[in-house]
Amino acid sequence: QVQVVESGGGLVQAGGSLRLSCAASGNIIRTDAMAWYRQAPGNQRELVAGLTGADSTSYADSVKGRFIISRDNAKNTVYLQMNSLKPEDTAVYYCNFRIRVRLWGAPSDYWGQGTQVTVSS
């Protein structure tokens, strides 16, 4: 099977930076896409940033110019560099991998355990 482990997060003052990491391991044939989501209390989970196998990136309007998604293929790890953090960025952040564990069929989504990011004003 596949294991996904997140690290990073914590408490930071507004204007500061944090870096999240997320590594997938196990019976992986191919990783089709990676992404970061977040969920604030009372809100639905929202897509923050995405990265396809062709290195195409996408960002939520609220984080464009401040967050950067990247990956290390050798480590099957995705990163989220968060700069100029704002109190409204406070949320639990989840990584997502779209992974193929078989040569046939559709890929499946695997999620990290979530990590809390708190930005104080």
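The values are calculated or read from the model by the stated rules, or taken from the named source; none is laboratory data. Note that the coordinates shown come from a computational prediction; the quantities given were computed from them, not determined experimentally. Glycine gets a Cβ as well: all are built from the backbone with ideal geometry, and neighbour counts include every protein chain shown. When the accessible area is computed, the model is the full protein with side chains, heavy atoms only, and any ligands, DNA or RNA have been set aside. Shrake-Rupley method; radii C 1.70, N 1.55, O 1.52, S 1.80 Å.
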Enumeration of residues in the range 77-89 that are over 28 Å from D32 (Cα atoms), open to solvent by 10 Å² or more (accessible area, probe 1.4 Å) and either in contact with a strand residue (DSSP E or B) (Cβ under 7 Å, 6 or more places away or on another chain) or of a type in the set (D, E, K, R) (or both): K86, P87, E88
Residue count, the range 88-97 (criterion: under 12 Å from the mean Cα position of the chain (by Cα) and not in a strand (DSSP E or B)): 0
The range 30-87: number of residues that are in contact (Cβ under 8 Å) with a residue 60 or more places away in the chain, closer than 29 Å to A106 by Cβ and more than 15 Å from the chain's Cα centre (by Cα): 1
Residue match in the range 13-23 (condition: under 14 Å from G112 (Cβ atoms), in a strand (DSSP E or B), within 15 Å of the chain's Cα centre (by Cα) and of a type in the set (S, T, N, Q)): yes
Tally, over the range 37-82, of residues that are closer than 29 Å to G26 by Cα and outside any strand (DSSP E or B): 9
Residue in the range 98-112 that is within 17 Å of C22 (Cα to Cα), assigned to a loop (DSSP other than H, G, I, E, B) and modelled with pLDDT of 95 or more present: yes
Residues located in the range 30-45, provided they are open to solvent by 90 Å² or more (accessible area, probe 1.4 Å) and in contact with a Lys or Arg (Cβ under 6 Å, 6 or more places away or on another chain): R30
